[in-house]
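Engineer: Quick one: the structure is below, questions incoming.
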Amino acid sequence: MAGKLSTGGGKRGPQVTADPNVIPFIDVMLVLLIIFMIAAPISSVDIEVDMPTSRIEPSKRPPRPTWVSVSQAAGGGIDLHVMNDPVSQETLGEETYQAVRENSPQIANDDFEVKDQRIYIRADGELEYRHIVRVMNRLQDRGFTKIGLVAEDRRR
């Protein structure tokens, strides 16, 4: 506890103050700092270990997803887009096949690997489900069997 001396000749003696004395705190911190500065280099290990080499091949990057967007057209029909390119219903399968090959250069030109890629379908909320089923049928006619429907995440 610190004391406060007044210059005036008061009747009471020295007054007690509530100010904390930080000098012992600083002393303890400096001692701990010195201890950690000495102990830090000791914690590093200088033992040599001959580690085996890895025989694992690095994993391939997954192919870019291919999107098919379905929206309501002005005349009651539907507008189709593969990635950002507009397509017709007749050419949907072939355009999707070409988009998968362009977006995934790391897959081989094997027809099976191209058709094994997942195709994501995005559609307007007001669009009738029968239009989406027709799009899925066109993709299945071309050989795509992994088709996913994408919904909007409204939790944000």
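Only the coordinates and a few stated rules stand behind these numbers; no lab work does. In this text the structure is predicted, and so the values were computed from the model without any measurement. With ideal geometry, Cβ positions are generated from the backbone for all residues, glycine too; neighbour counts draw on all protein chains shown.
Engineer: Do we have any residue at all in segment 45-62 that's in contact (Cβ under 8 Å) with a residue 40 or more places away in the chain, basic (Lys, Arg) and closer than 29 Å to ASP153 by Cα? Working first, answer last.
Structural biologist: Step one: filter segment 45-62 for residues in contact (Cβ under 8 Å) with a residue 40 or more places away in the chain, giving 60-61.
Narrowing further to those that are basic (Lys, Arg): 60-61.
Remaining after also requiring closer than 29 Å to ASP153 by Cα: 60-61.
Yes; the residues of segment 45-62 include at least one that is in contact (Cβ under 8 Å) with a residue 40 or more places away in the chain, basic (Lys, Arg) and closer than 29 Å to ASP153 by Cα.
Engineer: Quick check: anything in segment 125-142 in contact with a strand residue (DSSP E or B) (Cβ under 8 Å, 6 or more places away or on another chain), part of a loop (DSSP other than H, G, I, E, B) and within 15 Å of ARG101 (Cβ to Cβ)?
Structural biologist: For segment 125-142, residues in contact with a strand residue (DSSP E or B) (Cβ under 8 Å, 6 or more places away or on another chain), part of a loop (DSSP other than H, G, I, E, B) and within 15 Å of ARG101 (Cβ to Cβ): absent.
Engineer: Among all residue pairs at least 6 apart or on different chains, which show Cβ distances below 7 Å where the first residue, located in segment 128-156, is acidic (Asp, Glu) and the second is surrounded by 15 or more Cβ atoms within 10 Å (Cβ to Cβ)?
Structural biologist: Matching pairs, first to second residue: ASP141/GLY93.
Engineer: Tell me, yes or no, whether segment 98-106 has at least one residue that is touching a residue at least 40 places away in the same chain (Cβ under 8 Å) and over 29 Å from GLU152 (Cα atoms).
Structural biologist: Within segment 98-106, one or more residues are touching a residue at least 40 places away in the same chain (Cβ under 8 Å) and over 29 Å from GLU152 (Cα atoms).
Engineer: Take the conditions out of contact with any helix residue (DSSP H, G or I) (no Cβ under 6 Å at 6 or more places or on another chain) and touching a residue at least 12 places away in the same chain (Cβ under 8 Å) and apply them to ARG118. Does it pass? Step through it out loud before you land on a result.
Structural biologist: Working: out of contact with any helix residue (DSSP H, G or I) (no Cβ under 6 Å at 6 or more places or on another chain): yes; touching a residue at least 12 places away in the same chain (Cβ under 8 Å): yes.
Taking the combined requirement at face value, the residue satisfies it.
Engineer: Just checking, which of ARG154, ARG64 is surrounded by 14 or more Cβ atoms within 10 Å (Cβ to Cβ), of a type outside the set (Phe, Trp, Tyr) and not in a helix (DSSP H, G or I)?
Structural biologist: Checking each option against the conditions leaves just ARG64.
Engineer: Which one of PRO86, PRO52 is touching a strand residue (DSSP E or B) at 6+ places or on another chain (Cβ under 8 Å) and surrounded by fewer than 13 Cβ atoms within 10 Å (Cβ to Cβ)?
Structural biologist: Details: PRO52 fails: touching a strand residue (DSSP E or B) at 6+ places or on another chain (Cβ under 8 Å).
Exactly one of PRO86, PRO52 is touching a strand residue (DSSP E or B) at 6+ places or on another chain (Cβ under 8 Å) and surrounded by fewer than 13 Cβ atoms within 10 Å (Cβ to Cβ), namely PRO86.
Engineer: Moving to a separate point now. Inside segment 67-99, can you point out the residues that are among the aliphatic types (A, V, I, L, M) and assigned to a helix (DSSP H, G or I)?
Structural biologist: Passing the criteria: LEU92, ALA99.
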